[in-house]
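A.B. asks: There's a structure below that I have some questions on.
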Amino acid sequence: MVFADRRILLGVSGGIAAYKAAELARRLVSGGAKVKVVMTRSAQEFVTPLTFQVLTGEKVATTMFGPGSEPLEHVALGQEADAIVLAPATANLLGKMASGLGDDLLTTILLAANKPILVCPAMNCEMWANPAVQENAARLQDRGLTVLTPEAGELACGAVGYGRLPEVETILEALARLISPQDLAGRRILVTAGPTHEDLDPVRFLTNRSSGKQGYALAKVARRRGAQVYLISGPSNLPAPYGVERLMVRSAREMLDAVLARFSQTEALLMAAAVGDYHPTCCDEHKIKRGPVELTAHLTQNPDILRTLAPLKKKQVVVGFAAETRDLEAAARKKLQDKGLDLIVANEVNRVDSGFAVDTNEVTIIGKKKLLVHLPLLSKEEVADKVLDQVSALLPPVGKGKSA
Ligand code: C5P
């Protein structure tokens, strides 16, 4: 759990999107974070401090002086936190931060803060497009703050354009990156995920029960740890993880072409996709009509992507996945050898809480030199972290051993 016991300072300034900050606070708290909220005076015109106090279980800080203020809060709050998130950040807040002003509790905290800051602007689209606001956002980015781009859509004022507060999921993921170790920074990681579809005719296909969840979790967590991630996904309804470049493919043969095009520029390949082993020998141009009681379909073997890559492998760390219904460890070890892998992640798929389509997984990581790590039932993101720990340990130092 990336937010467990992490201290997050949430600064809320006065835009209508302040109501969405309540949901952000709730999600952080439910993720295990200790959230302290600071509100500007105008933010309190939109949402009351009580809303955040109830959601976070903490008194909300609103003022530097007078009743309710604590001495030295303006210094302590930005230093005690692990990270600061400003959501929404108004044009006024961006301007004050860019100019180094500290005329209220929040801006003063930001001047004294020594922790990573995530800025989530939200405002009218013309305001966001204003050169002064753009310059202020760019200045903050240049100083090392992370500034998200507002999302496009219909705004509270009725206008349509860039100005919406980024989705809570996007804010959470950007924040998760700020508090995660960046041990994969500068690494190029290729991940495959999901099932493949092998067409029988224009409306029917052969597939499997993979949802893509484990592969998407690997892509998300690798990016969170600083990697540049390229995700090749079979058909899946999951949204592209924040900051990850994604290519959607359909069949095993399309996936092979996509992986081959990228493999040489990659330092690690995580082959989590459940690639179909066969495709119908001929795909009918027209829908097959209901006809005889028995119908025979001829299948041709698909290329094995990992085996095809084995002779092309240079310094890449290559990880395979083995979904098995019996003799898990022995079958996985055999695949490790046969497919020329550095690691294999094995899981039993005939359980209800592990394997296909669920959010949890119980896996064993097997490597060369007797590496054997049995993990308990974990969330797929936690499994991703453990797998990436092993990958990280096998990668040559940054700058060395890069493939062509
Ligand atoms: O042999 P099996 O399909 O069980 O091996 C699973 C591993 O091999 C997975 O990492 C999967 O992505 C990969 N694979 C592949 N090409 C195939 C089938 C599976 O690379 N045609």
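A.B. asks: Would you mind giving the average projected area, over all directions, of the Cα convex hull of the range 151-194 in nm² with one decimal? Spell out each step's value before the answer.
C.D. replies: Working: hull surface 21.1 nm².
Directional mean of the projected Cα hull area for the range 151-194 stands at 5.3 nm².
A.B. asks: Next up: Using a Cα-Cα cut-off of under 17 Å, which aspartates and glutamates could be cross-linked to K315, ignoring same-chain neighbours fewer than 8 residues away?
C.D. replies: The qualifying aspartates and glutamates are E267, D342.
A.B. asks: Using the per-residue mean of other Cβ atoms lying within 10 Å as a proxy for protection, in what order, highest first, do the peptides 111-121, 84-94 fall? Spell out each step's value before the answer.
C.D. replies: Working: 111-121: 19.5, 84-94: 25.5.
In decreasing order of mean packing, 111-121, 84-94 become 84-94, 111-121.
A.B. asks: Hey, what do the phi angles of the range 26-34 turn into as Karplus ³J(HN,Hα) couplings, whole Hz, using 6.51/-1.76/1.60 and θ = phi - 60°, x for Gly and Pro?
C.D. replies: 5, 5, 5, 4, 5, x, x, 6, 9
A.B. asks: Most mobile of M255, M271, M64 per a Gaussian network model of the chain (Cα springs, under 10 Å)?
C.D. replies: M64
A.B. asks: Kirkwood Rh, the chain, all Cα pairs: how many Å? Don't jump to the answer; show the numbers that get you there.
C.D. replies: Details: mean 1/r = 0.0424 Å⁻¹.
About 23.6 Å, per the Kirkwood formula over Cα pairs.
A.B. asks: In terms of modelled amide H atoms, which long-range or inter-chain residues lie less than 5 Å from the amide H of R246?
C.D. replies: Answer set, sorted by chain and number: L231.
A.B. asks: By what distance, in whole Å, do the Cα atoms of the range 27-77 stretch along each of the three principal axes, largest value first?
C.D. replies: Cα extents, longest axis first: 32, 26, 14 Å.
A.B. asks: Any idea what % of Cα-Cα pairs in the range 298-404 are farther than 23 Å?
C.D. replies: On the way: 1886 of 5671 pairs.
Cα-Cα pairs in the range 298-404 separated by more than 23 Å: 33 percent.
A.B. asks: Same structure, new question: Taking a ≥ b ≥ c as the square roots of the eigenvalues of the Cα gyration tensor of the range 188-394, is the shape rounded (a/c under 1.5), prolate (a/b larger than b/c) or oblate? Spell out each step's value before the answer.
C.D. replies: Working: a/c = 1.67, a/b = 1.53, b/c = 1.09.
It comes out prolate by the Cα gyration axes.
A.B. asks: Also, quick follow-up: Using a Gaussian network model of the chain whose springs link C-alpha atoms within less than 10 Å, name the residue from A252, A310, A21 with the highest mean-square fluctuation.
C.D. replies: Sorting by GNM fluctuation, first place goes to A310.
A.B. asks: Label points 7 Å out from Cα along the Cβ direction at R204 and S30: separation in nm?
C.D. replies: 4.2 nm
A.B. asks: Also, I was wondering about something else. Could you give the nm distance between label points at L260 and K369, where each point is 7 Å from its Cα heading toward the beta carbon?
C.D. replies: Roughly 3.3 nm, to one decimal.
A.B. asks: Rounded to whole Hz and in sequence order, give me ³J(HN,Hα) for the range 64-79 from the Karplus expression 6.51 cos²θ - 1.76 cosθ + 1.60, θ = phi - 60°, writing x for Gly and Pro.
C.D. replies: 8, 10, x, x, x, 8, 10, x, 6, 4, 5, 9, 5, 4, x, 9
A.B. asks: Could you calculate the contour length gain from D183 to R333, that is, 0.36 nm times the residue separation minus the distance between their Cα atoms, to one decimal place in nm? Working shown, then result.
C.D. replies: Values: separation 150, 0.36 × 150 = 54.00 nm, distance 2.79 nm.
Extra length from D183 to R333 when fully extended: 51.2 nm.
A.B. asks: Quickly work out the S42-to-E154 label distance, labels modelled 7 Å from Cα along the C-beta direction, and quote it in nm with one decimal.
C.D. replies: 2.5 nm
A.B. asks: For a test of the definition: using alpha carbon positions, the gyration tensor, and the 1.5 limit on a/c, classify the range 7-178 as rounded, prolate or oblate.
C.D. replies: Values: a/c = 1.44, a/b = 1.28, b/c = 1.13.
The shape class here is rounded.
A.B. asks: Right, another one. Report ³J(HN,Hα) in whole Hz for each residue of the range 221-235, in order, from the Karplus equation J = 6.51 cos²θ - 1.76 cosθ + 1.60 where θ = phi - 60°; Gly and Pro get x.
C.D. replies: Karplus-based 3J(HN,Hα) across the range 221-235 equals 6, 4, 5, 4, 8, x, 6, 8, 10, 10, 10, 9, 10, x, x Hz.
A.B. asks: Can you grab the distance from the C-alpha centre of the range 33-110 to the C-alpha centre of the range 309-380, Å, no decimals?
C.D. replies: 46 Å
A.B. asks: Report the extension gain between E70 and R143 in nm, rounded to one decimal, defined as 0.36 nm multiplied by the number of residues separating them, less their alpha carbon distance.
C.D. replies: Working: separation 73, 0.36 × 73 = 26.28 nm, distance 2.91 nm.
The E70-R143 span can extend by a further 23.4 nm.
A.B. asks: Count the DSSP beta bridges whose two residues both fall in the chain, then state the antiparallel fraction as a percent rounded to the nearest 5.
C.D. replies: Values: 20 of 62 bridges.
Of the beta bridges lying entirely in the chain, close to 30 percent run antiparallel.
A.B. asks: Pull up the DSSP beta bridges for the range 188-394 and report the antiparallel fraction as a percent, rounded to 5.
C.D. replies: Working: 16 of 41 bridges.
In the range 188-394, approximately 40 percent of DSSP beta bridges are antiparallel ones.
A.B. asks: Let me ask something else. Go through K334/K369; K220/K369; K220/K380; K213/K339 and tell me which ones have a Cα-Cα distance over 21 Å in this structure.
C.D. replies: Violating the 21 Å limit, Cα to Cα: K220/K369; K213/K339.
A.B. asks: Given an 8 Å cut-off on Cα distances and at least 6 residues of separation, report the relative contact order of the range 7-178 as a percent. Walk me through the intermediate numbers first.
C.D. replies: Values: 352 pairs, mean separation 37.2, N = 172.
Across the range 7-178, relative contact order equals 22 percent.
A.B. asks: Rounded to whole Å and sorted largest first, list the principal axis extents of the Cα atoms in the range 199-316.
C.D. replies: Reported extents, whole Å, longest axis first: 56, 33, 20.
No value in this document is a laboratory result; all are computed from the given coordinates. In this text, all values refer to a predicted model and were calculated from it rather than measured experimentally. So basically every Cβ, Gly included, is an ideal-geometry build from the backbone, and we count neighbours across all protein chains shown.
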